[in-house]
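Bear in mind that the values in this text are calculations on the coordinates, not laboratory data. As the structure is a computational prediction, the values presented were derived from the model and not from experiment. No Cβ is skipped: glycine too gets one built from the backbone with ideal geometry, and neighbour counts run over all protein chains shown.
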Amino acid sequence: MKKLLLTLLIFFMLCGNLFATADSIITVTYSKDTQVLVYDATADTADGSITATASPNFQRAWITHVKVVGGTPNPTALYDITLTNKGSDVLGGALADLGATETRDVSPHFTTQGLFGWYQFSGKLSLRVTHNNVNGAKLTVYVFIKEDTQR
């Protein structure tokens with residue numbers, strides 16, 4: 001069963017652009033309590049903007065890590081991504097000033113304590129991309145989430 005779910009996860013990761021519309025979210029569950037939110041974003045073809053996109057609602061969960069992969073055409077060099085929950089960037093600015101072709105894998109960062117680790121949250125996550133000027137630029141953001149199963 002795990003092999004089947006892993007195969008489906010890989011399939012959706014490779015073929016996400018075929019099924020997704022601009023700024024869409026695909027939720028893929030690959031075990032009982034872990035999910036991957038896939039934000040498959042395409043910038044506006046007129047002005048390069050990528051609007052904020054909200055996730056499904058979570059009761060209680062942890063973000064374990066986030067991976068960003070630029071697509072083709074690449075976004076503008078030094079573009080920024082924020083992933084917010086209730087107005088706070090859960091990654092503490094770790095996705096600022098991304099290179100146009102850079103792939104970045106980060107853990108949540110708690111700037112006030114200077115620590116890295118899982119970020120506990122409830123509610124929705126919102127993704128926002130700024131400082132991109134490439135019309136039609138593509139990028140994919142994978143957010144790995146572990147849900148609380150001991151309520």
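Observations
- Proximity of backbone amide H atoms, modeled 1.01 Å from N, is registered between residue 136 and 43, 44, 45, 48 at under 5 Å, excluding neighbours fewer than 5 places apart on the same chain.
- For residue 97, net neighbour charge (Lys/Arg +1, Asp/Glu -1) across residues whose Cβ lies under 13 Å away: -1
- Distant-in-sequence amide H partners of residue 79 (H built 1.01 Å from N, under 5 Å): 98
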